Each structure stands twice: as C-alpha cells, then as structure tokens.
Amino acid sequence: MPPERTNASSKNGQLCTLPAGTSRLRCVVTRRDNDGASGWLPSGADCRYAVVLAVLVLSGSTLIGELLEGARPPDAWGFALAMISSAALAWRRKAPMAALAVTVVAVGVYTLLGNPYGPIHLCMVLAMFEVALRRPFASSCLACGAAAVAGVAFALPRLMMDFRQPVLMVIAWTGWFVVPWLLGRLAQVRQAAADRMRHALMAKAALEERMRIAREVHDVAGHGFAVVAMQAGAAQVALDARPDQTKAALEAIRLTSTQALAELRSALDTIHARDTDCPTATGLRGLPALMSRVRAGGMLVEQEVNLSAEDLPEDIDAAVYRVVQESLTNVLRHAGPTSAKVRVCREADEIVVEVADRGRGVVQRAKPPGRGLTGMRARVEAAGGSFLAGPRVGGGFEVRARFPCQT
C-alpha cells in the first residue's frame with residue numbers, strides 16, 4: 001500500500017494542502033495582496049489603476065475649475081498633490097494604511113491651498129474602503145477615526161470660509177470616511193462568510209470522498225474475503241478425501257482474490273485520478289461473474305435479471321451491483337448453509353432489487369446495523385432510491401432496494 005499522500009495546489013507562491021482522498025477537489029487560493037509583485041513594489045495592474053485614476057482626477061479637477069463660478073483650475077501644487085494622492089493608491093493592497101495616510105494628507109493640503117473640490121476627494125474614499133476591506137475591525141476602525149479627524153482638520157478653514165453652515169459641512173465631510181469604511185466592512189464580512197462556506201464545502205466534500213472510498217473498500221474486501229474463507233473451509237474438508245474438489249476450491253480462491261484485488265485497485269485509483277490497467281466489470285455487466293464466484297463458494301444462487309446495463313443510469317447501475325454484492329456477502333458470512341435468490345427487474349416506474357435467503361442470519365434489534373447495511377442504504381439513497389432490510393417471515397433475511405425509473 002503506497003504511503004498516504006496529500007493533494008496540493010499552488011498559485012502565486014502559496015500552497016494549499018488537502019487530505020488524501022480529495023483529488024476531485026480544486027483548492028483555489030485567492031490572494032488579495034502582492035498580486036504578481038514582490039517586496040514593496042506594486043503590481044503592474046495596481047500601477048495602471050493609479051495612472052488611470054490620476055488622469056481622471058487631473059482632468060476632472062481642471063474641468064470643474066473652469067466651469068464652476070468662483071472656482072479656478074488647480075495650480076502646480078494642486079496638480080502635484082493630485083498626482084501624489086492618485087499614485088498612493090497603487091499601494092492600496094500592499095500597504096492600505098500608508099496609502100490612506102498619504103492620501104488624507106495630500107487631499108487635505110490640496111483643499112487648504114484653495115484648489116477646487118472635485119474628483120480628488122474620491123481618492124480618500126477608495127483608500128478608506130481598502131483599509132476597511134483588508135484590515136481587522138479594530139485597526140480599520142481606528143484608522144477611520146484618525147483619518148476623519150485629520151481630514152476635517154485640514155478642510156475646516158476652507159469650509160468655514162466657503163459655506164455658511166460649516167457644522168453641517170463638517171458632518172458631511174466625515175462621510176468621505178465613514179461611508180466607505182462601512183462599505184468596506186460589509187465587503188469584508190461577506191468575503192469572510194464566503195471563505196467559511198468554501199472551507200466547509202471542501203471539508204464536507206473530503207468527508208464524503210473518504211466515506212465513498214471506505215464503502216468501496218468494504219464492499220470489495222468484504223465480499224472477496226467471505227468467498228475466500230468459504231472456499232478455504234471447503235478445501236480443508238476435502239483435502240484428503242476429494243483432491244479434485246480441493247483443486248477447484250483453490251482455483252476459486254485464486255480467481256476471487258484476483259478479482260477482489262483488481263476491484264480494490266480500481267477503487268483506490270480514484271484517489272489519484274489515474275486510469276487503471278485492470279478495469280473491472282461492475283454494474284449489471286458484472287453480475288454473471290459475481291454469481292459465478294458465489295456459486296464456486298458452494299452456495300446455490302437463483303437469479304432473475306430482466307434488465308440490461310443500457311437500461312440504467314450509471315449511478316443506479318453501480319448501486320445495483322453493490323447492493324447485490326454486499327447482500328450475497330452477508331449471506332455467505334451470516335446465513336450458514338442456505339441458498340439465495342437475486343431478483344433485478346422493473347416494476348411500474350421503479351427498478352427493484354431483491355436479495356433473499358432462508359438462512360439463520362437475523363439482525364439483532366439491540367445492535368445498530370453494521371457497516372455493510374449502512375453502506376448499502378447510503379448508496380441507494382444517494383442514487384435517489386429507498387432501502388429496506390430485515391428478517392423474512394418464516395426465517396431468513398431479505399434486502400430490497402427501489403430506484404426511480406428514468407425514461
């Protein structure tokens with residue numbers, strides 16, 4: 001048995017590991033920071049973002065200064081401060097706190113110098129949003145308060161000079177910081193909830209995959225060992241008296257163990273998602289071989305199969321095979337000397353699978369159902385069917401599964 005492996009997926013230098021048995025999952029690591037850049041240098045996308053923002057801020061401020069009465073276009077210092085506030089946002093993901101501090105100071109000085117109100121103030125909004133999105137609640141809340149106080153302090157002289165009700169304007173000015181902080185926090189909470197949901201789904205998928213593999217291994221190994229044990233007992237009894245029967249029993253042991261190993265490899269190969277060199281026949285196509293192995297173990301099996309593999313969807317076809325296999329395994333292990341009857345047919349709008357025997361095996365009500373019955377029920381219900389198992393009237397045991405007929 002190869003050592004346990006872990007599945008890994010890497011992206012931009014980060015590695016995510018999952019337990020073995022979760023090969024069907026893809027672990028996608030989303031990196032909010034350091035997208036494609038190292039050290040303190042911003043990424044190319046962030047630089048392009050800052051350039052586009054600077055063009056919009058400069059052109060918008062110039063247009064407002066020319067169109068509004070009493071306003072003037074930004075001077076040289078105004079253009080420089082607008083470029084600084086825009087360029088600082090290139091670090092909004094790598095260093096959001098520093099970007100916010102530079103933006104607040106640059107916009108505050110810009111406002112104090114009498115430059116026109118306009119798009120430059122959106123730089124503070126964007127910087128505050130990024131801080132709320134990328135930093136914990138406590139630090140982002142403190143940053144919001146400090147930025148609001150500093151921003152109002154820079155703008156207060158200008159507001160008192162330009163407006164008749166500076167108190168209302170001060171309250172409105174704090175909205176440049178409070179509103180984007182609230183939006184950033186909302187986005188952070190939603191992202192955290194999405195991350196928790198994704199991790200929960202990954203854990204659930206990993207658990208379901210492990211349970212599926214456990215059922216496969218149980219069904220394959222349990223059936224194979226049950227037949228091998230019966231054949232070994234028959235060989236031991238007939239070793240001296242009937243050498244020909246001993247030879248036949250040993251041959252049946254060889255065939256059964258080979259088939260069980262092939263099915264076990266097929267089940268384990270799904271962990272690593274690779275093709276197997278020893279494909280095994282399961283589903284209705286595998287029932288004849290299954291019956292032959294059980295009959296070779298000395299048990300009489302009567303079968304009534306009125307369907308073909310083409311009549312069933314893949315999941316129902318596989319579930320039918322496993323129900324029959326596990327049921328016959330239980331007969332071999334628990335029923336004692338007896339015979340069994342297997343029936344697979346269509347009744348009205350359902351596919352019915354029945355396996356019955358007249359042996360002595362009875363489920364004890366004081367004990368919970370074993371792994372075999374639990375696994376069969378899980379398989380049947382996963383395929384949309386219903387499952388019933390229990391003692392028969394007059395002795396013996398019966399397993400019955402019903403699947404919806406898809407036409």
Inset, instruction - Could you tell me whether V167 is without any contact (Cβ under 8 Å) to a residue 12 or more places away in the chain and not assigned by TED's automatic domain parsing to the domain that holds G60? - result: yes
Inset, instruction - Would you be able to tell me the number of residues in the stretch 55-75 that are out of contact with any Lys or Arg (no Cβ under 9 Å at 6 or more places or on another chain), modelled with pLDDT under 90 and surrounded by fewer than 21 Cβ atoms within 10 Å (Cβ to Cβ)? - result: 14
Legend entry - Test: residue in the stretch 108-124 that is loosely packed, with under 13 Cβ neighbours inside 10 Å and outside any helix (DSSP H, G or I): no
Inset, instruction - Of the numbered conditions (1) part of a loop (DSSP other than H, G, I, E, B); (2) touching a residue at least 24 places away in the same chain (Cβ under 8 Å), A99 fails exactly one; give the number of that condition. - result: (1)
Inset, instruction - For residues that are in a helix (DSSP H, G or I) and touching a helix residue (DSSP H, G or I) at 6+ places or on another chain (Cβ under 8 Å), scanning just the stretch 374-406, find the one that is modelled with the lowest pLDDT. - result: G375
Legend entry - In the stretch 157-190, the residues that are assigned to a helix (DSSP H, G or I) and exposed (fewer than 13 other Cβ atoms within 10 Å of the Cβ): P157, M161, V167, L168, I171, A172, G175, L186, V189, R190
Legend entry - Pairs, first polar (S, T, N, Q) in the stretch 380-405, second modelled with pLDDT of 90 or more and assigned to a strand (DSSP E or B), C-beta under 8 Å, six or more apart: S386/A401; S386/R402
Inset, instruction - Please specify each residue of the stretch 322-346 satisfying the condition of being closer than 20 Å to R379 by Cα and surrounded by fewer than 18 Cβ atoms within 10 Å (Cβ to Cβ). - result: R343, C345, R346
Legend entry - Every residue from the stretch 285-335 that is basic (K, R) and closer than 24 Å to D349 by Cα: R285, R322
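The values are calculated or read from the model by the stated rules, or taken from the named source; none is laboratory data. The structure displayed is predicted, hence computed values, not measured ones. No Cβ is skipped: glycine too gets one built from the backbone with ideal geometry, and neighbour counts run over all protein chains shown.
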